[in-house]
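FYI, it's all coordinate maths here, none of it is from the lab. The model shown is predicted, which means the values in this text are computed figures rather than measured ones. When we count neighbours, we look across all protein chains shown, and the Cβ atoms used for this are built from the backbone with ideal geometry, even at glycine.
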Amino acid sequence: MWVGPCGNTAVEAFYVTRNPEGYYRFENIVTKRYLEAATGGTNGTAVQLWDFVAGGTNQWWH
């Protein structure tokens, strides 16, 4: 589990799992949503929490 700061007072915690392709997924322990890169982005792309998407490579992290 990874825990990091979020804003000034709250803490976000994630379960970290490795998928068969060798990438990692970060699942929020409270919302059960996954950290993903917003679609259509380039440098400076926003990240967000989103529902699980099977095969969603924007939810895979190296």
Computed FRET value (nearest 0.05) for ALA38 with VAL16, which takes r as the C-beta separation and R₀ as 25 Å: 0.75
Distance between modelled label sites at THR45 and TRP60, nm, 7 Å Cα→Cβ extension: 1.2
